[in-house]
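First up is the structure itself, then whatever we jot down about it.
The values are calculated or read from the model by the stated rules, or taken from the named source; none is laboratory data. None of these values were measured; they are calculated from a predicted model. Here the Cβ positions follow ideal geometry from the backbone for every residue, glycine too, while neighbour counts run over all protein chains shown.
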Amino acid sequence: MRYIFISGIPTSGKSYLAKKVAKAIGVLHFEIDKWREKIKDDNIKKWVNFYFDQDEEKYYKSTSCDEQWENLKKQSEIFWPKIKSKIDGAVKLNKPAIFEGVNILPHLAARDLNFPGIYLLGNSFEEIFERNKREPRWGNTEKLQKMEAKSFFYCERPRYKKEAEKYGFKTFENIDEAEKEVIRLLTK
């Protein structure tokens, strides 16, 4: 059976790509972000709504890129045991699948997943901003959505790229090229 994960910055096209490939070749698609939203464990509750419990404008103005990345890493590491357990459960179905979400960080995937994956980084700031306006992640104003897009593209993107390459995972800016790689990995 073949499995693959797709991760990377928000609004880079992870869900779009996973749904498209899953439908085209008939594999399961699991959205990690939806699993994360359903976690109710009191020990990690702080991280479920970590971003939503803060003043977004203040957060982006007062939190450096390094601190933002560390927060994403902390959130991902805290969620990871539950996410990994759900991935293991899905693998037991013995059907090819795509696992997709931002919390599949390269160091976690390299350590705990025995299947390949890719990281989507987005093509341009403008593309990320437009996608974020169409489907807002956190901010409910264009000003906040632009702040998010800047964080995704200029802060998270280089860190995803550096860490993915450190662990030998391919990164993609172009979704069409990423699609070819995902299909190749699932059908080889």
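Considering only residues of the range 103-118 that are of a type outside the set (A, V, I, L, M, F, W, C) and free of Cβ contacts under 8 Å to residues at least 60 places away in the same chain, which is surrounded by the most Cβ atoms within 10 Å (Cβ to Cβ)? Among those that are of a type outside the set (A, V, I, L, M, F, W, C) and free of Cβ contacts under 8 Å to residues at least 60 places away in the same chain, it is D112. Screening K82, K38 for residues that are within 30 Å of N94 (Cα to Cα), touching a residue at least 12 places away in the same chain (Cβ under 8 Å) and basic (K, R) leaves exactly one candidate, K82. Taking the residues in the range 82-140 that are in contact with a Ser or Thr (Cβ under 8 Å, 6 or more places away or on another chain) and among the polar types (S, T, N, Q) as candidates, determine which candidate is nearest to N71 (Cα to Cα). For the range 82-140, the residue satisfying everything is N103. Residues of the range 110-135 that are over 13 Å from I9 (Cβ atoms) and either assigned to a strand (DSSP E or B) or under 12 Å from the mean Cα position of the chain (by Cα) (or both): G117 alone.
Comparison of E100, E126 shows that the only residue that is buried (at least 22 other Cβ atoms within 10 Å of the Cβ) and at pLDDT 95 or above is E100. For the range 136-173, taking the residues that are outside any helix (DSSP H, G or I) and modelled with pLDDT under 95, the one that is surrounded by the fewest Cβ atoms within 10 Å (Cβ to Cβ) is identified as N140. Restricting attention to the range 87-120, the residues that are among the β-branched types (V, I, T) and more than 9 Å from F5 (Cα to Cα) add up to 3.
Whether any residue in the range 30-41 is surrounded by fewer than 12 Cβ atoms within 10 Å (Cβ to Cβ) and over 16 Å from the mean Cα position of the chain (by Cα) is what I want to check. It would help to see each step written out before you state the result.
Here is the first cut: in the range 30-41, the residues surrounded by fewer than 12 Cβ atoms within 10 Å (Cβ to Cβ) are 34, 37-38, 40.
Remaining after also requiring over 16 Å from the mean Cα position of the chain (by Cα): 38, 40.
Within the range 30-41, one or more residues are surrounded by fewer than 12 Cβ atoms within 10 Å (Cβ to Cβ) and over 16 Å from the mean Cα position of the chain (by Cα).
Listed by position, the helices (runs of 4 or more DSSP H) enclosed by the range 38-100 that each have at least 3 residues that are among the acidic types (D, E) are 65-91.
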